[in-house]
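Here's the structure we're looking at; comments come further down.
The values are calculated or read from the model by the stated rules, or taken from the named source; none is laboratory data. From a predicted model like this one, the values you see are computed outputs, not experimental measurements. Positions of Cβ are generated from backbone atoms using ideal geometry, with glycine treated the same way; all protein chains shown enter the neighbour counts. When the accessible area is computed, the model is the full protein with side chains, heavy atoms only, and any ligands, DNA or RNA have been set aside. Shrake-Rupley method; radii C 1.70, N 1.55, O 1.52, S 1.80 Å.
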Amino acid sequence: PAWRPGQVELDLVLHQFDPSWMASIPVELQPSSLRLRTLTHPDNSASPETLQVLSVDLHSQGQSQIQLSGIITLLQRDGWQAQLDQARLHLELPQLRRGGLQIQQLQTQLYIAAEANLDGFQLQLTQSASLNVKQLDLDTDTRLQRLTGTLTDLSIAGSLLEPSSIQFQGSYHLGVGQLQHPLLRTQTWSVTGSLSGGLPELKANAAISN
């Protein structure tokens, strides 16, 4: 490239947000502040195609805690290309209410790698993703306690301009420490299955045991 900064360093904190944007986000996930920190990575390449290699950390504070960190490589290749490596997404959500659905103490962690260009994007898990929920009320009669989940081999690919082109592939396992319902005996449950296909016709296979 004709111009490439030798060093980039940014520490940006936001406390005020567009009201219409905030209104589109559940109250429990709305940030009270966002902090974005970027720094030129020590492995910043001198390759003619490389514009910059940045360490990135995004932290959202509010009722929930969200943190995304990783290494972004910006390339001048076929117009443009961006790569995300060694990325970690961590979410802690004390509670969420949506109609009759109630979630208490949710924690999840994902390790991902991604790539995007003018043609589309690809995203995959580099390690199994984990999910832990203390309590999930599906309605007034159905309660799940000590819910755990893992998601493996997940890959997502397609174009954001054509949502119908996005394809999913992955395997999952869900465990329920205790399922309570008036028509069922309180007990543990386990579900193992897979996901495949596109957004209009996403297919899910499942094997249930208790």
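Considering only residues of the stretch 44-66 that are aliphatic (A, V, I, L, M) and buried (at least 16 other Cβ atoms within 10 Å of the Cβ), which is nearest to Q107 (Cα to Cα)?
I66
Are any residues in the stretch 103-148 in a loop (DSSP other than H, G, I, E, B), hydrophobic (A, V, I, L, M, F, W, C) and over 24 Å from L29 (Cβ atoms), and if so, which ones?
L118
Per-residue answers, yes or no, for (1) at pLDDT below 90; (2) of a type in the set (D, E):
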{"residue": "E9", "(1), (2)": "yes, yes"}
{"residue": "S33", "(1), (2)": "no, no"}
{"residue": "P42", "(1), (2)": "yes, no"}
{"residue": "L58", "(1), (2)": "no, no"}
{"residue": "G62", "(1), (2)": "no, no"}
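Could you list, in sequence order, the residues of the stretch 179-198 that are open to solvent by 50 Å² or more (accessible area, probe 1.4 Å), out of contact with any Lys or Arg (no Cβ under 6 Å at 6 or more places or on another chain) and polar (S, T, N, Q)?
Listed by number, the residues that qualify are T186, T188, T192.
Among the listed residues Q61, Q83, identify the single one that is of a type in the set (S, T, N, Q) and within 29 Å of R97 (Cβ to Cβ). I'd like the intermediate steps shown before the answer.
On the way: Q83 fails: within 29 Å of R97 (Cβ to Cβ).
None of the other options fit; the residue is Q61.
Do we have any residue at all in the stretch 26-42 that's closer than 17 Å to Q7 by Cα, out of contact with any strand residue (DSSP E or B) (no Cβ under 6 Å at 6 or more places or on another chain), open to solvent by 30 Å² or more (accessible area, probe 1.4 Å) and not in a strand (DSSP E or B)?
Looking through the stretch 26-42, at least one residue is closer than 17 Å to Q7 by Cα, out of contact with any strand residue (DSSP E or B) (no Cβ under 6 Å at 6 or more places or on another chain), open to solvent by 30 Å² or more (accessible area, probe 1.4 Å) and not in a strand (DSSP E or B).
Scan the stretch 110-131 residue by residue and report those that are touching a Leu at 6+ places or on another chain (Cβ under 7 Å) and among the polar types (S, T, N, Q).
Q124, S128
I need the full set of residues from the stretch 157-178 which are open to solvent by less than 60 Å² (accessible area, probe 1.4 Å) and either within 20 Å of the chain's Cα centre (by Cα) or not hydrophobic (A, V, I, L, M, F, W, C) (or both), in order please.
Once the filter is applied, which keeps residues that are open to solvent by less than 60 Å² (accessible area, probe 1.4 Å) and either within 20 Å of the chain's Cα centre (by Cα) or not hydrophobic (A, V, I, L, M, F, W, C) (or both), the stretch 157-178 yields A157, G158, S159, S165, I166, F168, G170, S171, Y172, G175, G177, Q178.
What are the pairs, 6+ residues apart or on separate chains, where a residue within the stretch 158-170 that is over 13 Å from F121 (Cβ atoms) has its Cβ under 7 Å from a residue that is among the charged types (D, E, K, R) and open to solvent by 80 Å² or more (accessible area, probe 1.4 Å)?
G170/D153
Among the residues of the stretch 67-90, write down those that are more than 17 Å from V8 (Cβ to Cβ), open to solvent by less than 50 Å² (accessible area, probe 1.4 Å) and either among the hydrophobic types (A, V, I, L, M, F, W, C) or not in a strand (DSSP E or B) (or both).
Result: A87, single match.
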